[in-house]
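Colleague: Following this message is one structure expressed as structure tokens.
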Amino acid sequence: MLRIWAALAGTAMLVGEPTATVADRRVFPESITSTPDGALIVGGTATGALYRAGPRETVLTRWTAPAPGAPSGIFGVLADPARDTLWACRTGIPPGQTPTAIVRYRLSTGEALRSAPFPGGGFCNDLTLDRQGVVYATDIGRGRVIRMVPGQAPVEWIADPLLAGADGIVVHRGRVLVNSVRSGKLIAIPIAGDRPGTPAELALSRSLQRPDGMRLAGRDTLLVVEGVGRLASIDLSSKPPLRVTTLADGLVEPVGVTHARGAAQVVQGHISYVLNPELRGKDPGAHGIFAIPFKEPKR
């Protein structure tokens, strides 16, 4: 059972089955994104395809085939409706040993438009963008952030030991926020024109354990999944240490989150079936998407 914490009442609700599932098996999604009308999109790390459910649909079906000549797996995905774009991280399997790239799709059709390889290789894990459409992507293998200005090739923006295990990423009020799946830290990097400022760890009211995908819900609320089975929110407007609230516990292998349909939508990755030799090749069952009740706080 999934345990949902009711922050106001101080009690927990029990939620049973997922509210949506991915139609194909052995997809192993690593990220989820959504559009303002409530459509949900995930990528397959094992298939290289995108899967989509319309605003009122509960099954994500195969939407695209792998782009010809591109590395096979899709990791981070991010919808950009203002530019009719879906951004995705592509990398081969096993990660880090084959080319990796940022791929642009047409959001309205799923058509693959452009593939931009990472400079010097690496492992594109997740991505975000600012209001000007500049893309920032994490390289989890090399502890760096890659930056891509529209119409230009990606370049290394920053590499730092503090970014070892760089995973989830968002842009918030003139800075790039990155979490580390290895250290559990949340790191802020000021944006100084086209250059980075000095990265610094943000103090939190409790530590994060194996943080993965994260997305903003509103202006100052950060939703982040933790590999130990939790969904948390971080109040970025609170005084340090930033207030961390556990929204859900008991999730099974959560890897990504998006805010859609009036809830936090958390996707299940079943990554143990990829990493554990005893489970590899076995059927993990349907990949579930769990709707965690969550309303954007009023400011």
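Computed from the coordinates by the stated procedures, all read-outs in this text should not be read as laboratory data. Just so you know, these numbers come straight off a predicted model, no measurement behind them. When we count neighbours, we look across all protein chains shown, and the Cβ atoms used for this are built from the backbone with ideal geometry, even at glycine.
Colleague: Find out how many positive minus negative residues lie around ILE140, taking Lys and Arg as positive, Asp and Glu as negative, among other residues whose Cβ is under 12 Å from that of ILE140. Display every interim value, and only then the final one.
Modeller: Details: positive: ARG142, ARG144, ARG182; negative: GLU30, ASP126, ASP139, ASP167, ASP212.
My count for the surroundings of ILE140 gives -2.
Colleague: Quick one: check the C-alpha center-to-center distance for segment 161-187 versus segment 210-241, whole angstrom.
Modeller: 11
Colleague: Using Cβ contacts closer than 10 Å as the measure, can you line up VAL149, VAL27 from fewest to most?
Modeller: Details: VAL149 13, VAL27 24.
Starting with the residue having the fewest Cβ neighbours, the order is VAL149, VAL27.
Colleague: One quarter of the convex hull surface, Cα atoms only: what value does that give for segment 150-299 in nm²?
Modeller: 11.1
Colleague: To continue, here is another question. For the chain, what does -39500 (n - 2.57) per DSSP helix run (n ≥ 4), summed and divided by total residues, give at 222 nm, in deg cm²/dmol to the nearest 500?
Modeller: Working: 1 runs with 4 residues, N = 299.
Result for the chain: 0 deg cm²/dmol, rounded to the nearest 500.
Colleague: Sticking with this one: Looking at the chain, send over the antiparallel percent of its DSSP beta bridges, to the nearest 5. It would help to have the intermediate numbers written out before the result.
Modeller: Working: 89 of 92 bridges.
Just about 95 percent of them are antiparallel.
Colleague: Assuming 1.567 mPa s and 4 °C, estimate D for segment 234-295 with Stokes-Einstein, Rh taken as the Kirkwood radius over Cα pairs, in µm²/s. List each step's numbers first, then the result.
Modeller: Details: Rh = 13.7 Å.
My calculation gives 94 µm²/s for D.
Colleague: Still on this structure, I have one more. Arranged by the count of other C-beta atoms within 10 angstrom, fewest first, what order do SER237, SER180 take?
Modeller: By the 10 Å Cβ count, ascending, the order reads SER237, SER180.
Colleague: Computed over the Cα atoms of segment 173-249, what is the ratio Rg over Rh, Rh following Kirkwood?
Modeller: 0.96
Colleague: List every residue whose amide H lies under 5 Å from the amide H of ALA264, counting only residues 5 or more places away in sequence or on a different chain, with H placed 1.01 Å from N in the peptide plane.
Modeller: Placed amide hydrogens put ILE292, PHE294 under 5 Å from ALA264.
Colleague: For segment 31-166, what are the per-bin percents of Cα-Cα distances with bins 10 Å wide, up to the bin holding the maximum?
Modeller: The percentages, shortest bin first, are 13, 47, 32, 8, 0.
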